[in-house]
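The values are calculated or read from the model by the stated rules, or taken from the named source; none is laboratory data. The structure displayed is predicted, hence computed values, not measured ones. When we count neighbours, we look across all protein chains shown, and the Cβ atoms used for this are built from the backbone with ideal geometry, even at glycine. Side chains are part of the model used for accessible areas, which takes the heavy atoms of the whole protein and leaves out ligands, DNA and RNA. Shrake-Rupley method; radii C 1.70, N 1.55, O 1.52, S 1.80 Å.
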Amino acid sequence: MLDKAIHILLSRKFAVELLVIMVVLLILGTSLPDISGMTPREAETLQAAKPLLFRISAALQLQSLIASPYFLILPLLIFLSTAACTARRSRSGARKEGGFLHEASGASDMGPEEIGALLASERWRVTRSGDSITADKGSFGFWGSIVFHLGLLLIFVAVVISSLTQFNAELLLTEGFPVRLGRDTFVKIYKGNGLASLPPATVLLRKFTSEYENDVYEKDFAAHLLIDGKEREVHVNRPADIGDFQIALHRFGFAPSFRITDSTGKEILNATINLVLAGGQEDSFRIPGTPYEVQARFFPDFATEGKRIGSRTPVPNNPVFLLRVTEQGREMGEGLIGLNRTETIGGLTITFDGLNYWADMIVSRDYGLWFFAGSVFLIVLGLAVRFGLSDKQLVVTAGEGRISIRGWCKYYPMFFEDQVQRIIDKAAAGKYNSTS
Amino acid sequence: MNPVEGFLLWSSIFVLLFAFFGYLTGTVFKKERLFTISHRGTLAACVLMAAAIGVRWIATGHIPVMGTYENSLVGAWTVVVGLVVAGRYFPRGTLLSLVLLPLALLIVGNGIMTNAVLAPLEPPYQSPWLYVHVLFAWFAFGAYLLASTVGGLYLVRSRAEGRDGVERIREFLPPLRKLDEICLRFIIFGFITDAVMIGAGAIWARGLWGRYWGWDPIETWSLISWLTYGINLHLRLTLGWKGKKAAWVALLSFVGILISFFGFGLVEGVHTQIMKPR
């Protein structure tokens, strides 16, 4: 039984079959409808209309698939198969098997010694035994294959290390509001390994800067942080470190400060609110303890054109909100409000006190990355050595006015034949003699 | 679009069109001289396109990799460079040119129809890894395209073997064994550069999104493509597939690359969510 299992694991056909199954499942995972990205209504509609498709999609959609134990058996088997094949190949060493054979001969006055010198001048490793010469090239190619497969195995190690040590969470910071890092301060924890080793630092978004070229094209965004009192600038792509953890800028948005009083003059809200307002998108907030909801649309650089309103640029040069007040779903009124202005909208007196930014940061740690980078290095090195130094061997006999070559190469037979022919041509022309 | 860049690009398009019709006329009407002229035209177009890319690079201050126009410009150039490189193995380069020149024209035409405005590099792209990632992506995609084209031409030539009336196809294509080997070489080249592309992307992603792999659709399709070409190599080198079977696999494997390339920007995922105010 064990012998049979090992035999299967050592089978190259089995390795290819595993890869094919994996590719097919991944294709299905990315091609089927993404139920997790659907609204509940869309999901219900699909389930009612196409129950089979819904069930298959639910089981095979990518995020479910890659976490499924049934799927994880595949990479495990690929790992075992690769490990077994690599171990066997390493033990058996480089062997001139498979590949292509080619024989050629021609007239030549060169003797074995001169032929040997000719081959050596073309970087063949030459060994002589009587009239016969053996020349090798690219025998490191075998080790390239071993290094490549070790690189593949290291990917699996990287994945295991990542899954055991990875921490990845979203931290929402609003300008001027410090946050002490801890389990409850994260908006969402995607991977929670090593949370205990996260330094309990206090993080403050001191200032957020956005830079646009000609007020249109995004150029640079930076979160100026104070981490335990130390200044750190975090730009997109340029994260900062907190101990072993990294803090990166992920998204940002606007956080206006509103003061709202009702018709009796009672202050019902005085807060800075993080709103999602990209590209004219509308966001809303409820006023706690009241039946009121406020829908907000933001114009960072407010402008009018006839009866149309809009924003000239994405830069907050002239920030104006269009606010719509509703009471239990019933519209009470709407109106525009500029920075540091007070307006009465739908019976509420609203003051737009200030405009800040919020920044969504990704706090993460992943020791698997360096193993992954190492594995890619080994894969590329191994492949380059394996295919760049293609293993070749020549057995040459020379004498009595003739040269005969029996050649073997691992890959590229047509190019190898050309190479052999060139040697015969040089030997025929006595080229080595004439040039040396 | 910069006026100099526009001039260079449109010149290259006209030269490519001229070269294509040269190859077509030469093939149909057996005008041998046209092949030499068309080959020179292709080389000239390659240089003109490279100059257009250079001018744009200087004008924007960054490698042209943002948006459909820039990707199409570099993509079409990669196809033409690939054609020049692979053309060495093809007698007069005719059939390969008749496949790849219209493809390059289609790619660049598609790009010109989109927004070609000169814009600075958006913050998520401002990483040294961008250069490695994108450069090797083009190497890989170009090599895979050539591998699939050569695979297709292998099938064309194998159909022509032993049949009367199609001697000219045999005349314009290398022997089957050589086509098979060229196809393998391009797959190997693509496979290695693809690995560099994925590795560079992963390291870049760690600084940008806090993880090196997230099963984003584009990432997943890159992996699918890499694995598919890994299967290609296994089938050819360890299971001994060659000839028509191997050519069909090389031809069909390119579907994954097409999805990776054209899926960029179409499929929802972090690759399409660039940094904007929310």
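In the stretch B:128-143, the count of residues that are closer than 25 Å to residue A:238 by Cα and hydroxyl-bearing (Ser, Thr, Tyr) is one or more.
So which pairs qualify, if the first residue must be in the stretch B:202-220 and closer than 19 Å to residue B:259 by Cα, the second must be assigned to a loop (DSSP other than H, G, I, E, B) and among the aromatic types (Phe, Trp, Tyr), the Cβ gap must be under 9 Å, and the two must be at least 6 apart or on different chains? Partner pairs satisfying both residue conditions: B:218/B:264; B:219/B:213.
If only residues of the stretch A:371-398 that are facing chain B (nearest Cβ under 9 Å) and farther than 30 Å from residue A:135 by Cα are counted, the one that is most open to solvent (accessible area, probe 1.4 Å) is A:377. Beta carbons closer than 7 Å, at least 6 apart along the sequence or on distinct chains, pair a first residue in the stretch B:1-19 that is free of Cβ contacts under 8 Å to residues at least 40 places away in the same chain and of a type in the set (A, V, I, L, M) with a second that is surrounded by 15 or more Cβ atoms within 10 Å (Cβ to Cβ) and part of a helix (DSSP H, G or I) for B:15/B:41; B:15/B:44; B:15/B:45; B:15/B:48.
Considering each residue of the stretch A:236-256, count those that are out of contact with any Asp or Glu (no Cβ under 6 Å at 6 or more places or on another chain), part of a strand (DSSP E or B) and either within 21 Å of residue A:187 (Cα to Cα) or open to solvent by less than 60 Å² (accessible area, probe 1.4 Å) (or both), and give that number.
Count: 13.
Checking each residue in the stretch A:178-200 for being assigned to a loop (DSSP other than H, G, I, E, B) and modelled with pLDDT under 90 picks out A:182, A:193, A:194, A:198, A:199, A:200. Set side by side, the residues A:123, A:91, A:128 differ, and just one is in a loop (DSSP other than H, G, I, E, B) and either within 30 Å of residue A:380 (Cα to Cα) or charged (D, E, K, R) (or both), which is A:123. Take the conditions (1) modelled with pLDDT of 90 or more; (2) outside any helix (DSSP H, G or I); residue B:15 misses just one of them, which is (2).
Could we say that residue B:202 is open to solvent by less than 10 Å² (accessible area, probe 1.4 Å) and on the phi < 0 side of the Ramachandran plot here? Walk me through it before giving the result.
Values: open to solvent by less than 10 Å² (accessible area, probe 1.4 Å): yes; on the phi < 0 side of the Ramachandran plot: yes.
So residue B:202 fits the description; yes.
Here's the yes/no breakdown for (1) within 29 Å of the chain's Cα centre (by Cα); (2) not aliphatic (A, V, I, L, M):
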residue: A:177; (1), (2): no, yes
residue: A:183; (1), (2): yes, yes
residue: A:187; (1), (2): yes, no
residue: A:196; (1), (2): yes, no
residue: A:230; (1), (2): no, yes
residue: A:240; (1), (2): yes, no
residue: A:250; (1), (2): yes, yes
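Taking the criterion of being surrounded by fewer than 19 Cβ atoms within 10 Å (Cβ to Cβ) and at pLDDT 90 or above, the only residue of the stretch B:153-182 that qualifies is B:155. Considering the stretch A:351-370 alone, what residues qualify as being facing chain B (nearest Cβ under 10 Å) and either more than 21 Å from residue A:186 (Cβ to Cβ) or assigned to a helix (DSSP H, G or I) (or both)? Answer for the stretch A:351-370, where residues must be facing chain B (nearest Cβ under 10 Å) and either more than 21 Å from residue A:186 (Cβ to Cβ) or assigned to a helix (DSSP H, G or I) (or both): A:368, A:369, A:370.
Residue by residue through the stretch B:15-65, note down the ones that are among the aliphatic types (A, V, I, L, M) and in contact with a Gly (Cβ under 7 Å, 6 or more places away or on another chain). Spell out the reasoning first.
Filtering the stretch B:15-65 for residues among the aliphatic types (A, V, I, L, M) gives B:15-17, B:19, B:24, B:28, B:34, B:37, B:43-45, B:47-53, B:55, B:58-59, B:63, B:65.
Within the stretch B:15-65, B:15, B:19, B:34, B:37 meet the criteria.
Taking first residues from the stretch B:103-131 that are open to solvent by 30 Å² or more (accessible area, probe 1.4 Å) and partners that are among the charged types (D, E, K, R), the Cβ contacts under 6 Å between residues at least 6 apart in sequence or on separate chains come to B:122/A:218.
Listed conditions (1) surrounded by fewer than 18 Cβ atoms within 10 Å (Cβ to Cβ); (2) without any contact (Cβ under 8 Å) to a residue 60 or more places away in the chain are all met by residue A:225, apart from (1).
In the stretch B:78-89, the count of residues that are at pLDDT 85 or above, touching a Lys or Arg at 6+ places or on another chain (Cβ under 9 Å) and within 26 Å of residue B:189 (Cα to Cα) is zero. Taking the stretch B:133-144 as the region of interest, how many residues are over 11 Å from the mean Cα position of the chain (by Cα) and open to solvent by less than 50 Å² (accessible area, probe 1.4 Å)? Result for the stretch B:133-144: 2.
I'm trying to understand the selection: among the residues of the stretch B:205-238, which are outside any helix (DSSP H, G or I), open to solvent by 20 Å² or more (accessible area, probe 1.4 Å) and facing chain A (nearest Cβ under 7 Å)? Within the stretch B:205-238, B:211, B:215, B:238 meet the criteria.
State the number of residues belonging to the stretch B:239-262 that are over 20 Å from residue B:183 (Cα atoms) and within 10 Å of chain A (Cβ to nearest Cβ). Don't jump to the end; show me each part of the working.
Step one: list which residues in the stretch B:239-262 are over 20 Å from residue B:183 (Cα atoms), which gives B:259-262.
Add one more test, that the residue is within 10 Å of chain A (Cβ to nearest Cβ), and what stays is B:259.
Number of matching residues: 1.
Residue A:58 fulfils the conditions (1) open to solvent by 50 Å² or more (accessible area, probe 1.4 Å); (2) assigned to a helix (DSSP H, G or I); (3) more than 22 Å from residue A:2 (Cβ to Cβ) except for a single criterion, (1).
If you check residue B:97 against the conditions, is it open to solvent by less than 20 Å² (accessible area, probe 1.4 Å), within 14 Å of chain A (Cβ to nearest Cβ) and among the hydroxyl-bearing types (Ser, Thr, Tyr)?
Numbers: open to solvent by less than 20 Å² (accessible area, probe 1.4 Å): yes; within 14 Å of chain A (Cβ to nearest Cβ): no; among the hydroxyl-bearing types (Ser, Thr, Tyr): yes.
When the stated conditions are applied, residue B:97 does not pass them.
Entry remark, the stretch A:59-94: residues being closer than 30 Å to residue A:43 by Cβ, more than 14 Å from every other protein chain (Cβ to nearest Cβ) and of a type in the set (A, V, I, L, M) number 2 in total.
Report the residue count in the stretch A:273-297 for those that are within 14 Å of chain B (Cβ to nearest Cβ) and touching an Asp or Glu at 6+ places or on another chain (Cβ under 8 Å). Lay out the reasoning, then the answer.
Taking the stretch A:273-297 first, the residues within 14 Å of chain B (Cβ to nearest Cβ) are A:273-283, A:296-297.
With touching an Asp or Glu at 6+ places or on another chain (Cβ under 8 Å) added as a condition, the list becomes A:275-277, A:296-297.
Total satisfying the criteria: 5.
Residues in the stretch A:269-303 that are touching a Phe, Trp or Tyr at 6+ places or on another chain (Cβ under 8 Å), crowded, with 16+ Cβ neighbours inside 10 Å and aliphatic (A, V, I, L, M): A:269, A:273, A:275, A:277, A:294, A:296. Of all the listed residues (A:206, A:259), the sole one being over 18 Å from residue A:358 (Cβ atoms), more than 12 Å from every other protein chain (Cβ to nearest Cβ), open to solvent by 60 Å² or more (accessible area, probe 1.4 Å) and part of a strand (DSSP E or B) is A:259. On the phi < 0 side of the Ramachandran plot and at pLDDT 85 or above: is that true of residue A:58 in this structure? The answer is no for residue A:58.
Residue-wise test of (1) without any contact (Cβ under 8 Å) to a residue 60 or more places away in the chain; (2) surrounded by 15 or more Cβ atoms within 10 Å (Cβ to Cβ).
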{"residue": "A:82", "(1), (2)": "no, yes"}
{"residue": "A:87", "(1), (2)": "yes, no"}
{"residue": "A:111", "(1), (2)": "no, no"}
{"residue": "A:120", "(1), (2)": "yes, no"}
{"residue": "A:129", "(1), (2)": "yes, no"}
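Out of the stretch A:20-34, which residues are surrounded by 16 or more Cβ atoms within 10 Å (Cβ to Cβ) and free of Cβ contacts under 8 Å to residues at least 40 places away in the same chain? A:23, A:26, A:27, A:28, A:29, A:30, A:32, A:33, A:34, listed by residue number.
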